[in-house]
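Asks: I have a structure I would like to understand better, so I am pasting it below and will then ask my questions one at a time.
The values are calculated or read from the model by the stated rules, or taken from the named source; none is laboratory data. Note that the structure is predicted; figures quoted are calculated from it, not measured. Here the Cβ positions follow ideal geometry from the backbone for every residue, glycine too, while neighbour counts run over all protein chains shown.
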């Protein structure tokens, strides 16, 4: 049985809840090549503060997070960075109720507004808040025609994960998303899209080593450009634990896609869905390491072109410890297989990171990032690269009553 939030019971639990805080800040310096040749940018300074408050009571959890991006871009012709920073405000509020055996019911609100740097050279900070379904893997995002633009996002999600007996588990979420350019100028490159999304899954675990999941996903998006995209996808996946350190996954399915252009002409397509993944922990020259390989085929909603396309995506990563440093090497790539705007376009993103914990709550990171893209929709396709150095700190503790 899935319990409801129950306003009275939830309010009583929150009034008796313990309160805590979590604050932190991350700074990063980047020295980068000129992205696309559109602006002579050879460096950036970024400041990402974070402030969170958590109320935790009997089976109820309420959290609020504010995590803006503040960054200065440094033109080559200017010896010092611009005095006015670019700011992307980001906030999240989540109310969650849990019960026995891992049951969970949650409501989540995400919001973002301001100027965003979409370049992969900005790392994870460069990607806008995810508009994928709750719990779904985040795909490698395509790039808009401009990498610095005004951006707005609001996403409201209701979801649940509930055990059904000893072998079955039900999961699902419903989401309404508005994202894109907030004004007419920014919508020329990043159209505003709005619409609902939903997913439903039923998992069956006959053994501790195997689980089978049937999933249904759907979305409907209307764009300010006059275009519309609809998707219905059904898939079956298996996840198996081959050993204590290795697990594999396989997915097969199909999708029905409708893309409607600005003049009202609709195109109906059927796309196959397939995927395979491998996660393992193996010795790497005597060091502890973790490796991942994944390959997926399936539909992808390109919010910049306002269409759903079929594409393939590959993901490979290796993480290991090296003399008290955590080293991670990651490579992701995607190629569009359909669509007159994107067909044949390829995007590859790579990152090498070295991280070292200086003291509890204080971490130093450094490394390099690069991306390359090519295709019919790209007018300039250089290889872009950047070096970065980051320092982050965090502090958490109880709040006095």
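Asks: Which ones in the stretch 301-336 are in contact (Cβ under 8 Å) with a residue 12 or more places away in the chain, over 22 Å from the mean Cα position of the chain (by Cα) and either surrounded by fewer than 18 Cβ atoms within 10 Å (Cβ to Cβ) or closer than 22 Å to residue 179 by Cβ (or both)?
Replies: Passing the criteria: 321, 322, 324, 325, 326.
Asks: Right, another one. Looking at this structure, is residue 182 in contact with a helix residue (DSSP H, G or I) (Cβ under 9 Å, 6 or more places away or on another chain) and more than 20 Å from residue 261 (Cα to Cα)?
Replies: no
Asks: Oh, and also: If you go through the stretch 228-253 one residue at a time, how many are over 24 Å from residue 177 (Cα atoms) and assigned to a strand (DSSP E or B)?
Replies: Matching residues across the stretch 228-253 total 14.
Asks: Within the stretch 374-381, identify whether any single residue is buried (at least 17 other Cβ atoms within 10 Å of the Cβ) and modelled with pLDDT of 90 or more, and answer yes or no.
Replies: No.
Asks: If you don't mind, there's one more thing I want to ask. Can you name the residue in the stretch 71-111 that is at pLDDT below 80 and assigned to a strand (DSSP E or B) and, of all such residues, is surrounded by the fewest Cβ atoms within 10 Å (Cβ to Cβ)?
Replies: Filtering first and then ranking leaves 75.
Asks: Residues in the stretch 204-227 that are without any contact (Cβ under 8 Å) to a residue 40 or more places away in the chain and either assigned to a strand (DSSP E or B) or in contact with a helix residue (DSSP H, G or I) (Cβ under 9 Å, 6 or more places away or on another chain) (or both): how many?
Replies: The qualifying residues number 11.
Asks: Which of the residues belonging to the stretch 47-70 are at pLDDT below 90 and either closer than 21 Å to residue 122 by Cα or exposed (fewer than 15 other Cβ atoms within 10 Å of the Cβ) (or both)?
Replies: Correct list: 58 only.
Asks: Return yes or no: is residue 128 at pLDDT below 90 and within 17 Å of the chain's Cα centre (by Cα)?
Replies: yes
Asks: Same structure again: Would you mind stating whether residue 300 is within 23 Å of residue 350 (Cβ to Cβ) and not in a strand (DSSP E or B)?
Replies: So residue 300 does not fit the description; no.
Asks: I need a count of the residues in the stretch 209-250 that are touching a strand residue (DSSP E or B) at 6+ places or on another chain (Cβ under 7 Å) and closer than 23 Å to residue 294 by Cβ.
Replies: Number of matching residues: 27.
Asks: Here's something else I'd like to know. Consider residue 388 carefully, then state whether it is surrounded by 15 or more Cβ atoms within 10 Å (Cβ to Cβ), over 30 Å from residue 215 (Cα atoms) and in contact (Cβ under 8 Å) with a residue 40 or more places away in the chain.
Replies: Considered against the rule, which asks whether it is surrounded by 15 or more Cβ atoms within 10 Å (Cβ to Cβ), over 30 Å from residue 215 (Cα atoms) and in contact (Cβ under 8 Å) with a residue 40 or more places away in the chain, residue 388 comes out as yes.
Asks: Read through the list (1) modelled with pLDDT of 95 or more; (2) closer than 30 Å to residue 181 by Cα, then give the number of the only condition that residue 295 fails.
Replies: Of the numbered conditions (1) modelled with pLDDT of 95 or more; (2) closer than 30 Å to residue 181 by Cα, the odd one out for residue 295 is (2).
Asks: Just checking, does the stretch 235-244 include any residue being loosely packed, with under 15 Cβ neighbours inside 10 Å, under 24 Å from the mean Cα position of the chain (by Cα) and free of Cβ contacts under 8 Å to residues at least 40 places away in the same chain?
Replies: Within the stretch 235-244, one or more residues are loosely packed, with under 15 Cβ neighbours inside 10 Å, under 24 Å from the mean Cα position of the chain (by Cα) and free of Cβ contacts under 8 Å to residues at least 40 places away in the same chain.
Asks: While we're looking at this one, here's another question. Would you tally the residues in the stretch 179-200 being more than 20 Å from residue 218 (Cα to Cα) and in a loop (DSSP other than H, G, I, E, B)?
Replies: Count: 8.
Asks: Residues of the stretch 134-178 being assigned to a loop (DSSP other than H, G, I, E, B), surrounded by 17 or more Cβ atoms within 10 Å (Cβ to Cβ) and either in contact with a strand residue (DSSP E or B) (Cβ under 8 Å, 6 or more places away or on another chain) or without any contact (Cβ under 8 Å) to a residue 60 or more places away in the chain (or both), which ones?
Replies: If the condition is that a residue be assigned to a loop (DSSP other than H, G, I, E, B), surrounded by 17 or more Cβ atoms within 10 Å (Cβ to Cβ) and either in contact with a strand residue (DSSP E or B) (Cβ under 8 Å, 6 or more places away or on another chain) or without any contact (Cβ under 8 Å) to a residue 60 or more places away in the chain (or both), then 134, 139, 140, 141, 142, 143, 147 are the ones that fit.
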